[in-house]
Amino acid sequence: MEKELEKLRETAKKEIAQIKEKKEDLELIRIKYLGRKGLVTKILRIMKQLSPQERKIIGKLANEIKEEIDLLLSLKQEELKRLINKNDLKDDLDITLPGKPLARGKLHPLTKILEEIKVIFEKLNFDIVEGPEVETEYYNFEALNTPPDHPARDMQATFYISDGIVLRTQTSPVQIRVMEKNRPPLRIIAPGRCYRSDAIDASHSPVFHQVEGLVVGKEITFRHLKSIMKIFFRQLFGEDIEIRLTPSFFPFTEPSAEVSVCCVLCKGKGCSVCQQTGWLELFGAGMVDPNVFKAVGYDPEEWTGFAFGGGIERLAMIKYGITDIRLFYENDLRFLKQF
Amino acid sequence: MKITYRWLKEYVDFDLSAEELADKLVSLGINVESMQSIGEGIDGVIVGKILSVEAHPRADRLTVCKVDTGKKEYSIVCGAKNMKEGDIVPVALEGVVLSENKLIKPVNIRGVDSEGMMCSAKELGISDDAAGLLILPEGTPLGKELKEVFPLPDVVLDLEITPNRPDCLSVIGIAREVAAVLNVPFKLPEMELKNTGKQIEKQGEVTIKDSLLCPRYLARVIRNVKVSSSPFWLQHRLEMVGLRAINNVVDATNYVLMELGHPLHAFDYDLISNHHIIVRRAEEKEKFGALDGVEYTLSKDMLVIADDKKAVALAGIIGGSNSQVNEGTCNLLIESAYFDAINIRRTSKKLGLSTESSYRFERGTDFEMAAKAINRVTSLIREIAGGEVVEGIIDQYPQKIVPQQITLRPEQVNRILGIEMSGKQIQVLLKRLGFECNSENNSNLKVMVPAFRREVSREIDLIEEIARIYKYDEITPAVPQWESLEYSPNQEFLLEREVKNFFVGAGFFEVINYSFSSEEEFKKLGVGEEFYYAKAVKVKNPLSREYGFLRTTLLGSIFENISKNSSYNLYNLKLFELGKIFLSKGNKLLPEEKKMFSGAVCGMIEESYWQKKSKEVDFHYLKGVLVSLLESLEIKNYKMEKGANLLFHPGQSARIIINGKQQIGQLGKVSPWIAEKYNFDLPVYGFELSMDALLKSQNLRRRYLSISKYPAVIRDVALVVPKEISYFQVSSQIKKTGGEVISQIKLFDVYQGKQIDEGYRSLAYSIVYQSKEKTLTDKEVNFIHNEVLQSLEENFKVKIRDK
């Protein structure tokens, strides 16, 4: 009897597998095996006649076969449905037609890079502050250790509004305003617009953006400055970028440094962007000059600090491969769309 | 400032290529802006003499020259015009490679053999001068290689010297730095002049009338010089560093200026009245004719060098034409002085006159070098212009300058730099830079500042010097282990991010414009409009008229952006800018800086798409965007009042009012008369919002409102409304009457035309009735709905359509 059942299973499997299209065939097979008079049903019916031991074995097997046929039938049925669906071309589409464009705008590339800068410094626990764009000469120069007759004033061509009032040439006056209002420790960045009366060309714009940084605390050293510069530029340009500090001069920091990164375009080999030097000068930096601390009433014997800053346009130009600073202010949609 | 590689090597011995030298200089804080090789094509070029110049038989423009190189005569065809028989010229024979890789080989030019080439300065890579042959000085030995006769090839380095390093404005200054960093000795040129005596006192006199502005003045007299042109090597060296050769005397003073960094001046001794130099302040409105051919009007805060009749030089800046060295000059008075830096700077600024001399004096010179430089230049003049030096020197030095001493605490060095350095190590480093140290009784150091480093006056200045010579690269970065600081979130920046991102999501592009405006722009936007003009802040020294003012609205530049983009055939534009406007509070005060959020749109709402044609932007599109913004900022109590300022069409514009009275912005269609001035092809709609007002009225602290569990009943109704009644009035009335049970009112159609009486329009509403407490029965809804309709009829004579 067992053998008979196994044979039944094999033939049923074969028959189901052979069905190609017709749904009706499925029903016929169901009736043939599982119908009231079906081959498997029959066997189940005569179970009573068997010995209890046989009944157990045969009953189990017969039920197994019944379930298997059931399952195979329902799988076959799904398969047939899929087949029909596949061959039905009524709802066929030209999927190569364009999709509906999503009308999304774009942030200006300067905003994008500034956001990146803000996020990096926010993670480093810096606060973000702003200051006025029209400044007194005191905040823009004198408090920053740049008295009126200092040759350093020649470094920054200045727009004047009236005697003593200028368009700020740098974001550094924000340092003074923040220190006047707060006690250390301090950690800030101050982004914003700056103005210099340089003739407009591919690398000079009378309006440009800078970001300024200031850290004041106990035991802040030049080594910390180096570290923060390294972290910042690596986050902005990639983990493997090399940075270098070389001596420079700014009236409000001492020692002062120029912060350069290994040219991201030529990887330090020398190209037109880095003027064959392999390095891109990006930021000015240094330890806060004691005279600046004195101007805001901090005791330089108690506090030390560092400051840094640079042009945002230049960072964006390098990051995005933009070769002319004027593009930022022409607001040509064909440019703005690319960021 | 330019120096040359070979010139530098005369004073310091180093084994670095020009590129390596440049790297070292950068590491010291001296940026190298450019490097230029000079005389690259000089290899193998020899000195020859032209024996004859004859016309080429078959070419008008060419000549055939016989050239003697000492050993042999050559025949060379030449295209230049500036040579004559007897001239000494550079000759390139077969196999020589000139500048730009030009290989010389024998050729036949129109039937005449040419065995080589005579060269111009450009062909040798010496300068850009290609006008003719380089004519060498008479007596240059024939047959010698040019590079044996002249110090070439060489490399010119253009250096950027920061204002704090006047000591580096000379070849010697750079040599001193290179020697310090390499820890090798450097040498000064011979500056002793074995020439003492009192002879000079009989031949000249110096009186300093203002010793504050002129603490020191030295003079020497040289007799019987022969003024002519300088030797070729000197002329060439001056040209390489960017100075023009004039005559041997002036060139000598310029050479020493570049070499030692100390400005010098040579007067024609016989043109100084009574040979008496008087250093005094100028008379008010005193006229002074300078060497540059300009007559300057001086004031009494300026310092002049005069004789007892007239000013002969503007101290430290420029000499006078009335005493200048000329071809007929026979006797010289040489000046070497030390002037007050600030006074020179002020005079130079005031007159708009900057010279190599003023550039150095205003940054600070070396009062000891003044005495050495005068001896150096005197020797040089004697060497190249002949003459006899009158015994002795005048040295008026009424204000003795005391060298500075600074106390340096080694622990302060470490506190700033974060390194561990002992007092001994510090002493060694400082010594290399010329600073002598003595230990004080404690661990502190007493540091003597050399005369050439006058700007080093504080402990921190010394710390920078130590860091520089220790090298920044050697100071390793250390991640700060700082305690974290707490900041309250900056609401302003959060709002800015929110607003910008909202508009980007709505399809707007952010623009950034200059903060400048101009009279032309104010005129375009309407001069009559008080706001745009009257409060504008004027720039005193603008780049051009275009940038004469600070802007009082962002819309002017945004309108320019629209018309510019339209000219590139981009017509569907949605632009916004977030930036400051500036409103004057009078000349003495800082202006008010107001952050504005402004924008403009034109063209289609969406880019065209094959399934559905987009609609053009209009007032209600823009209103929809702004209202969505206000709602996303949870600003609820706003309303729109018809009409805005003159920028906008009075019938298609609105002021945005909050709290019933405060205007926070406006929007609308740009007035046709303004649109015309900007050449808009399509209607443009613009808006302005005050960021301050948004910041004050926003509510970013959101509260959850429970969602009703009970079913909603929707009643659609078409109302026939008299035209003078606004949508706002109708909707308010519905809400007022229905009360809390109305959870939503939605307008789904506006219609006027057929079936609607003249003077009326149809407003079709969906009103949603829903209670938070219970399921509303039909009866209850009907009751309220009828009440609503009745109240509309009573108040506004609203009828129900089709009923």
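Excluding same-chain residues fewer than 8 positions from B:Lys588, which lysines have a Cα within less than 22 Å of its Cα?
Partners found: B:Lys535, B:Lys538, B:Lys540, B:Lys580.
To the nearest 0.05, how large is the calculated FRET efficiency for B:Glu420 and B:Glu391 if R₀ is 51 Å and r is the Cβ-Cβ distance?
Approximately 0.35, to the nearest 0.05.
What residues have an amide H closer than 5 Å to that of B:Leu243, excluding those fewer than 5 places away on the same chain, when H is modeled at 1.01 Å from N in the peptide plane?
Counting only residues 5 or more places away or on other chains, the set is empty.
Can you give the FRET efficiency to the nearest 0.05 for B:Arg545 and B:Asp128, using r as the Cβ-Cβ distance and R₀ = 51 Å?
On the way: r = 37 Å, r/R0 = 0.73.
Calculated value: 0.85.
Give me P(r) over the stretch B:199-396, computed from all C-alpha to C-alpha distances, binned every 10 Å, as integer percentages.
9, 39, 39, 12, 0
Using only Cα atoms, locate the centre of the stretch B:143-197 and the centre of the stretch B:268-320, then give the distance between them in Å, rounded to an integer.
32
Need one number: nm distance between label points at A:Asp299 and B:Thr775, each 7 Å from Cα along Cα→Cβ, rounded to one decimal.
7.8
Counting pairs of alpha carbon atoms under 8 Å apart in space and at least six apart in sequence, what relative contact order in percent does chain B give?
Once normalised by length, the contact order is 8 percent.
Could you tell me the center-to-center distance, by alpha carbons, between the stretch A:94-146 and the stretch A:308-339 in angstrom?
The stretch A:94-146 and the stretch A:308-339 have Cα centres separated by 12 Å.
Give the value in nm², to one decimal: projected area of the alpha carbon convex hull of the stretch A:185-339, averaged over all directions.
Mean projected area for the stretch A:185-339: 10.2 nm², to one decimal.
For B:Lys709 paired with A:Asp332, estimate the spin-label separation in nm (one decimal), with each label point 7 Å from Cα along the Cα-to-Cβ line.
Label-label distance for B:Lys709 and A:Asp332, simple model: 6.4 nm.
When the label point is put 7 Å from the Cα of B:Lys735 along its Cα-to-beta-carbon vector, which residues of the stretch B:629-666 have a backbone N closer than 19 Å?
B:629-642, B:655-664
Can you flag which of A:Lys13/A:Lys42; B:Lys49/B:Lys226; B:Lys500/B:Lys574 are past 20 Å Cα-Cα? Walk me through the numbers on the way to the answer.
Values: A:Lys13/A:Lys42 18 Å; B:Lys49/B:Lys226 27 Å; B:Lys500/B:Lys574 13 Å.
In this structure, B:Lys49/B:Lys226 exceed 20 Å between Cα atoms.
Suppose every Lys and Arg Cβ carries +1 and every Asp and Glu Cβ carries -1, with no other charges. What dipole size does the stretch B:564-704 come out with about its Cα centre, to the nearest 20 debye? Kindly include the intermediate steps, with their values, before the conclusion.
Working: 22 positive and 14 negative charges, 113 e Å.
Rounded to the nearest 20 debye, it is 540 debye.
Between A:Lys48 and B:Asp692, what is the label-point separation in nm under the 7 Å Cα-to-beta-carbon projection?
Roughly 10.0 nm, to one decimal.
I want the antiparallel fraction of DSSP beta bridges within the protein assembly as shown, as a percent rounded to 5.
On the way: 180 of 188 bridges.
In the protein assembly as shown, DSSP labels about 95 percent of beta bridges as antiparallel.
Would you list which aspartates and glutamates come within 14 Å of B:Lys84, measuring only between C-alpha atoms, while excluding same-chain residues fewer than 8 positions from it?
B:Glu54, B:Asp68, B:Glu138
If you wrap the stretch B:405-474's Cα atoms in a convex hull and average its projection over all directions, what's the area in nm²?
Approximately 4.2 nm², given one-decimal rounding.
Near the amide H of B:Gly48, under 5 Å away, which other amide H atoms are found, from residues 5 or more places off or on another chain, if H is placed in the peptide plane?
B:Val89, B:Val91, B:Gly143
Treating the stretch A:68-203 as a set of equal point scatterers at the Cα positions, no solvent, please give the Debye-formula log₁₀ I(q)/I(0) at q = 0.12, 0.14, 0.19 Å⁻¹.
-0.70, -0.86, -1.18
So, counting K/R as plus one and D/E as minus one, what does the shell of residues with Cβ under 9 Å around B:Ala506 add up to?
+2
So how many Å³ per residue does the convex hull of the Cα atoms of the stretch B:40-152 work out to? Don't skip to the end; give the middle numbers.
Values: hull volume 10.4 nm³, N = 113.
In the stretch B:40-152, the Cα convex hull volume per residue is 92 Å³.
Using the scaling law 2.2 N^0.38 Å as the reference, what is the normalised Cα Rg of the stretch A:1-101?
In units of the globular-protein estimate, the stretch A:1-101 measures up at 1.60.
Could you tell me the relative contact order of chain A? Use alpha-carbon pairs under 8 Å, at least six residues apart, and round to a whole percent.
For chain A, the relative contact order is 14 percent.
When the Kirkwood radius is taken over all Cα pairs of chain A, what Stokes-Einstein diffusion coefficient follows at 20 °C and 1.002 mPa s, in µm²/s? Can you show the working numbers first?
Working: Rh = 26.5 Å.
This corresponds to a translational diffusion coefficient of 81 µm²/s.
Let me have the 222 nm mean residue ellipticity of chain A computed from DSSP H runs of 4+ only, each contributing -39500 (n - 2.57), with the sum over all residues rounded to the nearest 500.
-12500 deg cm²/dmol
Enumerate the residues in the stretch B:369-398 having an amide nitrogen under 19 Å from the point lying 7 Å beyond the Cα of B:Glu201 toward its Cβ.
B:390-398
So if I take the centroid of the Cα atoms in the stretch B:41-71 and the same for the stretch B:441-455, what is the distance between those two points in Å?
That distance is 62 Å.
Taking the Cβ-Cβ separation of B:Phe748 and B:Val627 as r and a Förster radius of 25 Å, what is the calculated FRET efficiency to the nearest 0.05?
FRET efficiency, B:Phe748 to B:Val627: 0.90.
Mind putting a number on the dipole of chain A about its Cα centre? Charges go on the C-beta only, +1 for Lys and Arg and -1 for Asp and Glu, and I need it in Debye to the nearest 20.
In total the dipole reaches around 3200 debye.
Rounded to a whole number of µm²/s, how large is the Stokes-Einstein D of chain B at 10 °C and 1.306 mPa s, given Rh as the Kirkwood radius over C-alpha pairs?
45
Would you be so kind as to identify which of B:Gly139, B:Ala55, B:Thr69 lies farthest towards the positive end of the dipole of the stretch B:40-152, taking Lys and Arg as +1 and Asp and Glu as -1 on Cβ and the Cα centre as origin?
Looking along the dipole axis, the top candidate is B:Ala55.
Please work out how many pairs of lysine residues in the stretch A:109-336 are eight or more positions apart (or on different chains) and have Cα atoms closer than 20 angstrom.
Lysine pairs meeting the criterion: 15.
Taking Rh as the Kirkwood radius, which is the inverse of the mean 1/r over Cα pairs, what is the Rg/Rh value for the protein assembly as shown? All intermediate terms of the calculation are to be shown ahead of the outcome.
Working: Rg = 43.7 Å, Rh = 38.0 Å.
When Rh is taken as the Kirkwood radius, the ratio is 1.15.
Report, in debye and to the nearest 20, how large the dipole of the protein assembly as shown comes out about its Cα centre when Lys and Arg carry +1 and Asp and Glu carry -1 on their Cβ.
Charge dipole of the protein assembly as shown: 5340 debye, to the nearest 20.
So what is the relative contact order of the stretch B:491-697, in percent, for Cα pairs below 8 Å that sit 6 or more residues apart?
Working: 378 pairs, mean separation 37.9, N = 207.
Relative contact order here is 18 percent.
Near the amide H of B:Val96, under 5 Å away, which other amide H atoms are found, from residues 5 or more places off or on another chain, if H is placed in the peptide plane?
Result for B:Val96 returns B:Ile104.
Since every read-out is calculated from the coordinates, none of them should be taken as a lab result. If you're wondering where the values come from, they're calculated on a predicted model, not measured in any experiment. Every residue, glycine among them, receives a Cβ derived from its backbone with ideal geometry; neighbour counts consider all protein chains shown.
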